[in-house]
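Participant: Please see the structure below; I have some questions.
The values are calculated or read from the model by the stated rules, or taken from the named source; none is laboratory data. Keep in mind it's a predicted model, so treat the numbers as computed, not measured. Here the Cβ positions follow ideal geometry from the backbone for every residue, glycine too, while neighbour counts run over all protein chains shown. Areas reflect the complete protein model, heavy atoms only, side chains present, ligands, DNA and RNA absent. Shrake-Rupley method; radii C 1.70, N 1.55, O 1.52, S 1.80 Å.
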Amino acid sequence: VLRAQEGQLYELSDGERVFLARIERAGRDRLEFALQEEISSQKSRLDVTLLLSVVKFDAFEWAIEKATELGVSTIVPLAAARSEKGLLAAVEKRSERWRKILLEASQQSRRLRVPALQELTKPAAAFAAQEEGVRVMLSERASAAPLRKLLEQRRDTRAVLAIGPEGGWTDGEFAEAAAARFEDTSLGHLILRTETAVIA
C-alpha cells in the first residue's frame, strides 16, 4: 500500500482465476482496483501433499518455501519419533510465521493458491489419512527401490511424499507407513538432509 500508485498494474488472484488490474484509487489504508482482463493460468495436474518431519526451523522454513515454489498443495508437519522435542513444543508459535512464508512464496512464484498448512500430526495418523494416489516414504534403507523406478509407470493425479527427520524414520514408523500403503523409496545412495530431499 505504501508503494502503490494510481495507474499501476497488478495481477490479482481469488484462488481460482488471475486478473490484470489497475489501481484506480490509492488511499492510506485501502486500494481500489479496476479489473482489466482475465489472465490465463494453469492449474497443476498433480496434487502433491508433503508430510514433512519437523527439523531445525531454518531448514524447515527453507524447505516449505521451496516446496511452495515447486507447487506442493498441502504441507503436514510431522512429529516424528526422532524430531527434537523442543522444536515440537514450539511448532504452534511458529505456525503463523510459516503461513506468512507460504503466502510470500506463493506470491513470488505466481501461484493461484497458497498451500494448506495442517496441524502438527503424528506420523501414524498422517499416513492413515492418505487414501488416494501414489504414497511415497523416502528411505535410506538399502532395500528401498529408486523413486524413478516406482514412478515410471504411474499416471496418478495425486501424490503424497513423506520425508523423515534427522536420524531417519524408526522401524515403527516404517511399519505404520507400510500399513497405510506407502512404499519406501530412495533418491539414490547418498543420505540427504531433509530440506535437500524436499527439493530433490
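Participant: Can you tell me which residue in the range 9-32 is surrounded by the most Cβ atoms within 10 Å (Cβ to Cβ), limited to those that are farther than 28 Å from SER73 by Cα and at pLDDT 90 or above?
Facilitator: Here is the first cut: in the range 9-32, the residues farther than 28 Å from SER73 by Cα are 22-32.
Narrowing the set further to residues that are at pLDDT 90 or above leaves 22-24, 32.
Details: ARG22: 14, ILE23: 16, GLU24: 11, GLU32: 12.
Only one residue tops the list, namely ILE23.
Participant: Has the range 113-132 got at least one residue that is open to solvent by 70 Å² or more (accessible area, probe 1.4 Å), in contact (Cβ under 8 Å) with a residue 40 or more places away in the chain and basic (Lys, Arg)?
Facilitator: Looking through the range 113-132, at least one residue is open to solvent by 70 Å² or more (accessible area, probe 1.4 Å), in contact (Cβ under 8 Å) with a residue 40 or more places away in the chain and basic (Lys, Arg).
Participant: Pick from the range 74-111 the residues that are among the hydroxyl-bearing types (Ser, Thr, Tyr) and more than 19 Å from ALA126 (Cα to Cα): which of them is most open to solvent (accessible area, probe 1.4 Å)? First the steps, then the outcome.
Facilitator: Keep residues of the range 74-111 that are among the hydroxyl-bearing types (Ser, Thr, Tyr), which gives 74, 83, 95, 106, 109.
Going one step further and asking which of them are more than 19 Å from ALA126 (Cα to Cα), we end up with 106, 109.
On the way: SER106: 5, SER109: 42 Å².
Among those that are among the hydroxyl-bearing types (Ser, Thr, Tyr) and more than 19 Å from ALA126 (Cα to Cα), it is SER109.
Participant: Please go through the range 1-23 and give me each residue that is in contact with a Gly (Cβ under 9 Å, 6 or more places away or on another chain) and in a strand (DSSP E or B), ordered by number.
Facilitator: First, pick out the residues of the range 1-23 that are in contact with a Gly (Cβ under 9 Å, 6 or more places away or on another chain): 1, 22-23.
If the condition is that a residue be in contact with a Gly (Cβ under 9 Å, 6 or more places away or on another chain) and in a strand (DSSP E or B), then ARG22, ILE23 are the ones that fit.
Participant: Moving on. Every residue in the range 150-169 that is in contact (Cβ under 8 Å) with a residue 12 or more places away in the chain and farther than 18 Å from LEU192 by Cβ, please.
Facilitator: Here is the first cut: in the range 150-169, the residues in contact (Cβ under 8 Å) with a residue 12 or more places away in the chain are 150-151, 154, 156-169.
Scanning the range 150-169 gives ARG154, ASP156, THR157, ARG158, ALA159, VAL160.
Participant: Pairs please, first residue from the range 185-200 and closer than 8 Å to GLU140 by Cα and open to solvent by 40 Å² or more (accessible area, probe 1.4 Å), second anywhere and of a type outside the set (Ser, Thr, Tyr) and in a loop (DSSP other than H, G, I, E, B), Cβ atoms under 6 Å, 6+ apart in sequence or on different chains.
Facilitator: Close Cβ pairs satisfying both conditions: ILE191/GLU140.
Participant: Sticking with this structure for a sec: In the range 141-155, which residues are open to solvent by 100 Å² or more (accessible area, probe 1.4 Å), of a type in the set (D, E, K, R) and over 11 Å from LEU187 (Cα atoms)?
Facilitator: GLU152, ARG155
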